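Here the structure is laid out as structure tokens; the discussion comes afterwards.
The values are calculated or read from the model by the stated rules, or taken from the named source; none is laboratory data. Being a predicted model, the structure only gives us computed values, none of them experimental. Glycine also receives a Cβ, built like all others from the backbone with ideal geometry; neighbour counts cover every protein chain displayed. Quick note on the areas: whole protein, heavy atoms, side chains included, nothing else; ligands and nucleic acids left out. Shrake-Rupley method; radii C 1.70, N 1.55, O 1.52, S 1.80 Å.
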Amino acid sequence: MTSPGPPLTASDREHGPVTLGPPRRQDGLGRLLYWLCNLLYYGVARHLPYSPRPYALGSRRIRYELCRRMFRSCGVDVNVEHGALINSGAQIDIGDRSG
């Protein structure tokens with residue numbers, strides 16, 4: 001007989017359980033991609049306009065794509081907003097629809 005698992009919270013019942021993406025790669029190519037994303041985030045994406053601005057032109061998606069490769073695990077539909085300081089991101093776990 002299997003255990004039913006942890007009890008559902010009110011948030012789980014409303015939005016469903018949180019699904020985190022797979023952890024980022026730790027090998028040589030993964031480290032290179034991590035440093036490239038870190039460079040692009042702090043050099044360019046962090047300074048893109050706020051998401052709701054009409055002239056933002058996908059800045060939310062650009063920041064998400066870079067940060068999901070830097071975070072330890074990242075859910076879907078995450079909003080990393082303009083100017084967010086995430087340091088290395090190596091210890092960040094963020095769930096669905098966060099930000």
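Which members of the range 51-68 meet the condition of being at pLDDT 90 or above and either aromatic (F, W, Y) or in contact with a Lys or Arg (Cβ under 7 Å, 6 or more places away or on another chain) (or both)? Passing the criteria: only Y64. Answer yes if at least one residue in the range 17-27 is surrounded by fewer than 10 Cβ atoms within 10 Å (Cβ to Cβ) and modelled with pLDDT of 90 or more, and no otherwise. No, the range 17-27 has no match at all.
Remark: pairs (first residue in the range 44-55, farther than 10 Å from E81 by Cβ and without any contact (Cβ under 8 Å) to a residue 24 or more places away in the chain; second residue in a loop (DSSP other than H, G, I, E, B) and open to solvent by less than 60 Å² (accessible area, probe 1.4 Å); Cβ separation under 7 Å; 6+ apart in sequence or on different chains) = Y55/P49. Of the residues making up the range 59-98, those that are more than 8 Å from the chain's Cα centre (by Cα), open to solvent by 40 Å² or more (accessible area, probe 1.4 Å) and over 21 Å from R31 (Cβ atoms) number 8.
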